[in-house]
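S.K.: Okay, here's the structure, questions in a sec.
Any read-out appearing in this document is the output of simple, stated calculations on the displayed coordinates, not a laboratory observation. Quick caveat: nothing in here was measured; it's all calculated off a predicted structure. A quick note on method: Cβ atoms are made from the backbone with ideal geometry, for glycine too, and the neighbour counts reach across all protein chains shown.
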Amino acid sequence: MTPLAILIVEDNTITAMHLRQTLEKAGHTVTGMARTLQSAVTAVKTQRPDLALIDIQLDEKSTGNGIATARELLEQHHMPIIFLTADPELATYQSAIETMPAAYLLKPFRTDELLMNIDLAYHNFQSTQSETVDALMATYVWVPIKDGYEKVTVADVLYIEAAKSYAHIVLADASKHLVTTNLNTVAQYFRGATFFRLSRSYVVNLSHVKQLKDNSLIFSDGKITLDIQPTGRKELIKKLTVIRTKPPK
């Protein structure tokens, strides 16, 4: 199992200590032991955990129960939550699932049950996070500018052009971004199915291409064209879904 940093939110001292011993014996690290919503928030701000175990029924001194605590913690830090409770009532469960917990364990639970749920919760969370990051990476790139970075929508990119050891990213509105690295490096950030390496000098976004005419590639606005070499034209036709027949006279 992956060693994790785990926050315990439990108002029963004996239960909290038992959880800590169980987690540390399994190779995990306990980032904090909180009894109330307030102390849980402080613990998250002090050290961000990979996951939180939260008892639904908390100390009377708390400004909210475990469900309210989970909501507050998720506003501070996105992470999987596992609820622990001795309350078998359906109403409690229905309230808890509104926070989309990774697991919901009824006390008393077995040690192996707890550890397996922790491992499963974390890996499911990581998988979801990876998919989200991949989707964002496929949607946007951040281009360096003088004072920081500017977000560029990948779908808006017409083509990328080599400029000696630099590259220009040309957008649909005809604006350009100069990137101080070569085309080969920049091309790694544009690996989607619509991007095609036309030549040593160009990577083009085929979703913006309107026409392939003789040795010219014409973009949707009809104003921007790129010259294409015979070899590049041949490879491009292989990439496109072309109706194989003679053109009309």
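S.K.: Under the Kirkwood approximation for Rh and a Cα-based Rg, what ratio Rg/Rh is obtained for the chain?
M.R.: Here the Rg-to-Rh quotient is 1.23.
S.K.: Something else: Provide the net charge surrounding A5, with neighbours chosen by a C-beta distance below 9 Å and charges set as Lys +1, Arg +1, Asp -1, Glu -1.
M.R.: On the way: positive: R48; negative: D50.
Result for the neighbourhood of A5: 0.
S.K.: Can you list the aspartates and glutamates whose alpha carbon is less than 20 Å from that of K223, not counting same-chain residues fewer than 8 positions off?
M.R.: Straight-line reach from K223, under 20 Å: D156, E161, D173, D214.
S.K.: Output the pairs from K146/K213; K151/K213; K151/K234; K210/K234 with a Cα-Cα distance over 27 Å in this structure; if there are none, say none.
M.R.: K146/K213; K151/K213; K151/K234
S.K.: A follow-up question, please. Arrange the following residues from fewest to most other Cβ atoms within 10 Å of their Cβ: M33, M79, M1.
M.R.: M1, M33, M79
S.K.: Here's another thing I want to ask about it. Which of I169, I54, I243 comes first, and how do the rest follow, when ranked by fewest Cβ neighbours within 10 Å? Present the calculation step by step, with values, prior to reporting the outcome.
M.R.: Working: I169 23, I54 26, I243 5.
Fewest-to-most ranking of I169, I54, I243: I243, I169, I54.
S.K.: Based on alpha-carbon atoms only, what is the radius of gyration of the range 5-136 relative to the globular estimate 2.2 N^0.38 Å? List each step's numbers first, then the result.
M.R.: On the way: Rg = 13.9 Å, N = 132, 2.2 N^0.38 = 14.1 Å.
So the Cα radius of gyration is 0.99 times the expected 2.2 N^0.38 Å.
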